[in-house]
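Take a look at the structure set out below.
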């Protein structure tokens, strides 16, 4: 993936000891996708369409907080990656806001809301769904 292939809105590396970006895991956000790229010699990429994100969670562990890092968990309606972990990135709250903004922009573009990605009745157990 060359830099000219996408217009990145945000990019960062997974942080390790002391908040240093000494890692072979890199994260990218474009206007439509969240991309994770892992590896040095052999590289594996995973893409997640932003409109599929259903929930976000932020974890600020003690050591991460010391170095102004945090871990974001994205839950998505995606077959190969239902849970995406954005491990130990700088300014995690800013990144979550950026993701939220892009998710909403993509949903508006395709006229999709979170409830549109759920089943007709969701997980409602007290629904009388019998067909006569």
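Each 5 Å bin from zero up to the one holding the largest Cα-Cα distance in the stretch 3-111 carries the following percent of pairs: 2, 12, 22, 25, 20, 12, 5, 1, 0.
Would you mind calculating the gained length between residue 85 and residue 111 on full extension (0.36 nm times residue separation, minus the Cα-Cα distance), in nm to one decimal?
Numbers: separation 26, 0.36 × 26 = 9.36 nm, distance 2.65 nm.
Between residue 85 and residue 111, full extension yields 6.7 nm more.
Any read-out appearing in this document is the output of simple, stated calculations on the displayed coordinates, not a laboratory observation. On a predicted model such as this, the values are computed, not experimentally measured, just so you know.
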